[in-house]
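The structure appears below as structure tokens.
Since every read-out is calculated from the coordinates, none of them should be taken as a lab result. Just so it is clear, the model here is predicted, and its values are computed rather than measured. Every residue, glycine among them, receives a Cβ derived from its backbone with ideal geometry; neighbour counts consider all protein chains shown.
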Amino acid sequence: MRKIYFLTVLLGLVSLTSFSQSYSISGEVRDAERNLIPGANVMIPELNKGTVTNSKGKYQLNTIPEGSYTLKVTYLGFETIEKLIEVSGDMQLDVTLNEANYMLDGIMVSA
């Protein structure tokens, strides 16, 4: 009986330890001229977690477990950035987005 009780307590402690090993990723999103970008989407698709930068272009993702992930940053009119990251502690990661240049075909207007 004592062995079962000991194993139950040990498994409970192991599961609590694994839950406590989560970290945060924070940073700023800027354009090529170093202007902060409010409203940019910052996400980790593998974890189905994401956030939006605040009015000062800052973001924070919390409760990220240790591991390798893709950090994806998107904003309308800018190229999407995908960075492979290795999370093993709290991280500061600033991102610079480049404007997207779309070439459109000409339009002919006739009356």
- Message: I need a count of the residues in the range 67-101 that are touching a Ser or Thr at 6+ places or on another chain (Cβ under 9 Å), closer than 18 Å to Ala40 by Cα, surrounded by 11 or more Cβ atoms within 10 Å (Cβ to Cβ) and touching a residue at least 24 places away in the same chain (Cβ under 8 Å).
- Response: 6
- In the range 39-66, residues that are assigned to a loop (DSSP other than H, G, I, E, B) and surrounded by 19 or more Cβ atoms within 10 Å (Cβ to Cβ) total 3
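Give the residues of the range 67-82 that are outside any strand (DSSP E or B) and β-branched (Val, Ile, Thr), sorted by residue number. Talk me through it step by step, then tell me what you get.
From the range 67-82, those outside any strand (DSSP E or B) are 75-77, 79-80; that's our starting set.
Within the range 67-82, Thr80 is the sole residue that qualifies.
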